Amino acid sequence: MSSKKAFLLLLAILSFQIIQAQNEVDALRYSQMVFSGTARYNSLSGAFGALGGDLSVTSVNPAGIGVYRSSEFSFTPTIFTSNTTSDYYGRTSEDGKINFNFSNVGAVFTDLKNGKDDYSQWNSTQFAFTYNRHNNFNNRIIISGINPSSSLLDHYAGQINGTNPSDVYDTSPFGAGLAWDTYLLNSKDSIDTTTYITLLNSGGAEQEKHIVQTGGSSELNITFSGNYNNKLYIGGTLGFPYINYSEESTYSETDVNDTIPNFQSFSLIENLHTSGSGFNFKFGMILRATDWLRLGGAIHTPTFYKLSDEYSAIIISTFDSVPPESPSTALSYTSYSPNGAYDYRLYTPWRIIGSLALIVGKKGLISGDLELIDYSSARLRSTYYGYAPQNASIDQKYTHATNLRIGTEWRFMPFSIRGGYAVYGSPYKNGINDGLRASYSVGFGIREKNFFLDLAYTYSKSTEDYYLYSGELAEPAVNTAENHKFQSTLGFKF
């Protein structure tokens, strides 16, 4: 083979692997960010953009650490539980997962001027180093139902129609090629060899998919801020987010009613692992307009990720009798994909946040954040592949969203009670999907001179359509996710 042909073949293989592993779903998954951090921050549903005074604000409005008048260290262990209910062709299935993690660890160091410079209006400067967890991907999902009209194999047949049989596996080594290799797809006849048919053209099989997701996205932040005359607080954060995500899924179709000639079942087992890191910048300010009113604003640049995917697939088929095309007498066949791997880049959208807080003396406060983000501006990039189809899908499916967070705190020294509500607008264009997510939070705290303890509980719920394969062939499963988060923060002032 000439070097030019070998290079073109390599590009073709890489392009197919990219299509299998990186798409608009991944771009959205890593572009979304939910409120997380300390227990106090979560108690107010993350509505801290105009308040400050909490280590979590380094990921939202870095001017918020300018409020500190002392140094502080805290850490926040978290128990996270997820539960997803799926409705598919009239059947309801349910599964969930429990995860333990740290949603925040960090310290802020404050330098009070205290008359060191009589000519300066800068009362203090702050430096903070924090870890904040943004997304928890841990989940288990079961989708099950009898599809009366189609099969995943119909989707595969449509992908390879027009392809010579000898080229099917090399053209589609992570899907249709595996189905071809295990006699689930066959040529229509000896004359029309490039049109493919399946044993399940009329549907009728029980379809089931088990999905196990693990990992999360987190961020290390280096933040600087300043307090100008107790009126204006400004700050900047250099963020280093990183991603660790794994998904293992088993999809099967089974002839439970014994109505499909010669066919028993097949299973598709897929594995995906994504890891990588990036960087971003955040800039913010808080204006103390009066003793009772604070205004805040922040802007986040895109996160510039460098990510790596590793993925593989297996198909196992089982028949009642030996397939006519098989040269052996076996009733079960297995085909393995190659081990796919690819490095690529993801640029997430800009974020703009406006905030307002009402301070009721030392008794309490009410605070709100309004966040704007355009998910259609996310982009996948690579040196050897342009991602034109995937980026076009991002434009077509996603739109701008508005996220609203509202929180309140009331103090009965040394105790505090807190509550919050957050709604994250759907990232999808009208009619494509739902995706709206709502959260409710409550919390309690006790603060003494040199230490504090905060507790928080957050409940979140969202509903979203999930397509097992082409939406033109099958109805989506409707997944309703309910998450519970229990947190405690122990902090020390020094």
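The numbers here are math on the coordinates, done by the rules we state, and not lab data. Computed from a predicted structure; not experimentally measured. Positions of Cβ are backbone-derived with ideal geometry, glycine not excepted, and every protein chain shown enters the neighbour counts.
Taking 30 Å as R0, compute the FRET efficiency from the Cβ-Cβ separation of Asn271 and Thr171 and round it to 0.05. Don't skip to the end; give the middle numbers.
Details: r = 21 Å, r/R0 = 0.71.
Approximately 0.90, to the nearest 0.05.
Note: relative contact order over segment 3-493, using C-alpha pairs below 8 Å and six or more positions apart, is 18 percent. Answer with one residue from Thr402, Leu293, Leu331: the one whose Cα lies farthest towards the positive end of the charge dipole of segment 3-493, charges on Cβ with Lys, Arg +1 and Asp, Glu -1. Positive-most Cα among the choices belongs to Leu293.
Between Asn101 and Leu370, the simple spin-label model (points 7 angstrom out along Cα→Cβ) gives 3.0 nm. Using 0.36 nm per residue and subtracting the Cα-Cα separation, the extra length available between Leu404 and Leu295 on full extension is 37.7 nm.
When both segment 244-288 and segment 69-140 are represented by their alpha-carbon centers, they are found 26 Å apart. The label-point distance for Ser393 and Val478, in a model that sets each label 7 Å from Cα toward Cβ, rounds to 2.4 nm.
Label sites at Thr92 and Thr383, each approximated as a point 7 angstrom past Cα along Cα to Cβ, lie 5.2 nm apart. Taking 18 Å as the cut-off for C-alpha to C-alpha distance, list the pairs among Lys97/Lys209; Lys282/Lys362; Lys397/Lys485; Lys449/Lys493 that go past it. In this structure, Lys282/Lys362; Lys397/Lys485 exceed 18 Å between Cα atoms. Taking the DSSP beta bridges with both ends in the chain, the antiparallel portion is around 100 percent. Neighbour counting of Cβ atoms within 10 Å sorts the residues His155, His484, His300, fewest neighbours leading, into His484, His155, His300. The dipole here belongs to segment 436-494: it is taken about the Cα centre, uses +1 on the Cβ of Lys and Arg and -1 on the Cβ of Asp and Glu, and is about 640 debye.
Add +1 for every Lys or Arg and -1 for every Asp or Glu among the other residues with Cβ under 13 Å from the Cβ of Asn391, and state the total. Walk me through the numbers on the way to the answer.
Details: positive: Arg345, Arg379, Arg381, Lys397; negative: Glu24, Asp26, Asp395.
Within the 13 Å Cβ shell, the charges total +1.
Here the calculated FRET efficiency for Asp320 and Trp122, from their Cβ-Cβ distance with R0 = 60 Å, stands at 0.15, rounded to the nearest 0.05. Computed extension gain for Thr194 through Ser488, at 0.36 nm per residue and net of the alpha carbon distance, reaches 99.7 nm. Please work out whether segment 410-481 counts as rounded, prolate or oblate from its C-alpha gyration tensor, where a ≥ b ≥ c are the square roots of the eigenvalues and a/c under 1.5 means rounded, while otherwise a/b larger than b/c means prolate and anything else oblate? Prolate is the answer for segment 410-481, as a/c is 1.5 or above and a/b outweighs b/c.
Candidate membrane-span-like segments in the chain, meaning DSSP H helices with Cα atoms spread over at least 24 Å of their own axis and a Kyte-Doolittle mean of -1.0 or above, are 3-21, with no membrane implied.
Taken about its Cα centre, segment 3-493 carries a charge dipole of about 3080 debye when Lys and Arg each add +1 at the Cβ and Asp and Glu each add -1 at the Cβ.
Given segment 184-316, report the % of alpha carbon pairs whose separation exceeds 23 Å. Above the 23 Å cut-off, segment 184-316 has 64 percent of its Cα pairs.
Across segment 429-435, computed HN-Hα scalar couplings (Karplus, 6.51 cos²θ - 1.76 cosθ + 1.60, θ = phi - 60°) run 5, 3, x, 8, 6, 9, x Hz from first to last residue, x flagging Gly and Pro.
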